[in-house]
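The values are calculated or read from the model by the stated rules, or taken from the named source; none is laboratory data. Computed from a predicted structure; not experimentally measured. Cβ placement follows ideal geometry from the backbone for every residue including glycine, while neighbour counts extend to all protein chains displayed.
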Amino acid sequence: MPAVRTSGKEYFSLSVISLAFAAYSVQIIPSLPLQLFAGIVIVAVVVLNFFHVQLTTKVLISLMLVNVSLLGFFIAFSTPAVNPGHFSNLLGDTGPFGVLAGAAIFFWTWDGFMRTAIMAGEIKNPRRTIPIAIVGGIAVAAVVFLAVAATTLGVLGSQSMGSDDVPLFRAATQAVGTWGGLVILAAAWTASLSELIGDLLTASRVAYTMGEAKELPHWLGSVHPKFRIPRNAVLTIGLIVLVLALSFDLRRLLAVASIFTLTWYIITHFSALQLHREQRLATPLFSWVGLLGCLVLVASLPIWATLTGGAVLATLAGFRLLLFRYRLPM
């Protein structure tokens with residue numbers, strides 16, 4: 001099996017999600033140490049990923065159903081408080097480039113659609129299941145994302161929405177009252193937990209495959225004899241994410257996480273273009289459009305985020321080059 005290469009995006013994405021979870025939690029308990037609470041959540045998710053994948057997927061499905069229902073309540077009860085005037089200037093003062101920058105910064109939130117492809121080895125009939133899962137997932141998520149974002153913008157306006165770390169909580173509290181904020185808090189908890197569990201699930205499989213192919217230390221490519229889970233990979237990734245969450249703040253990690261996610265997608269689109277005709281499920285046009293779109297989004301990100309992400313990627317690539325050139329033991 002060809003080795004699966006990772007850009008390190010999972011580590012930054014997981015750190016962002018854990019910090020977002022903590023940021024919403026401190027709205028109820030302000031005395032909570034934000035980064036320490038994020039670390040506790042990471043440890044809990046690592047423990048859950050130590051068991052059978054069937055248990056993990058059941059938890060994910062349950063959390064997703066609860067989350068979508070809670071967001072539905074938010075939309076339904078907040079709509080009467082929407083101010084149509086807040087939609088009068090959707091491009092803002094920065095114009096289309098500012099919108100692209102916002103899309104680029106939050107691009108990492110769409111990384112879940114690659115999970116089914118990463119987990120292909122554990123899926124029945126992957127050639128049929130994966131396209132349906134990806135297209136269906138994107139369609140459902142797009143509707144939910146747009147509805148929630150439009151409601152939040154309509155209640156708060158662009159200035160308040162952009163300057164707040166917890167805009168949905170603020171919109172629900174303003175539109176409905178305290179109980180609306182509690183609904184959003186519950187939605188933030190379920191969404192963050194499902195993302196943390198799902199990202200760690202797939203990231204550990206990437207590390208496991210690379211360890212098995214000896215592109216990472218070989219001990220990452222081992223599985224637990226009873227639960228058939230790559231526990232070494234789960235624990236290693238969990239520790240890296242824990243360090244990141246305890247060391248950086250939410251807003252700085254957001255942009256850097258998107259650099260890694262966009263890099264991942266650029267590599268994926270480029271790899272898809274190398275496939276033979278009989279291996280394709282669709283025309284190469286999709287890959288070219290996706291590749292161009294990713295490059296445009298990278299150009300829209302803040303320079304400091306691009307330089308930071310590029311420096312980390314260059315360091316990792318240099319380490320890997322030295323590892324293989326001198327055949328260091330793994």
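Among the residues of the range 53-91 satisfying the criterion of being more than 28 Å from the chain's Cα centre (by Cα) and farther than 23 Å from F169 by Cβ, which is modelled with the lowest pLDDT?
My answer is N89.
Pick from the range 177-201 the residues that are hydroxyl-bearing (S, T, Y) and either free of Cβ contacts under 8 Å to residues at least 40 places away in the same chain or buried (at least 23 other Cβ atoms within 10 Å of the Cβ) (or both): which of them is nearest to A38 (Cα to Cα)?
Among those residues, the one meeting the criterion is S192.
T263 fails exactly one of the following numbered conditions: (1) of a type in the set (S, T, Y); (2) surrounded by fewer than 17 Cβ atoms within 10 Å (Cβ to Cβ); (3) at pLDDT 85 or above. What is the number of that condition?
With respect to (1) of a type in the set (S, T, Y); (2) surrounded by fewer than 17 Cβ atoms within 10 Å (Cβ to Cβ); (3) at pLDDT 85 or above, T263 is out only on (2).
Go through the range 19-60 and give me each residue that's closer than 17 Å to T190 by Cβ, in a loop (DSSP other than H, G, I, E, B) and hydrophobic (A, V, I, L, M, F, W, C).
Of everything in the range 19-60, just one residue is closer than 17 Å to T190 by Cβ, in a loop (DSSP other than H, G, I, E, B) and hydrophobic (A, V, I, L, M, F, W, C), namely I28.
Could you run through the range 77-96 and say how many residues are in a helix (DSSP H, G or I) and loosely packed, with under 11 Cβ neighbours inside 10 Å?
4
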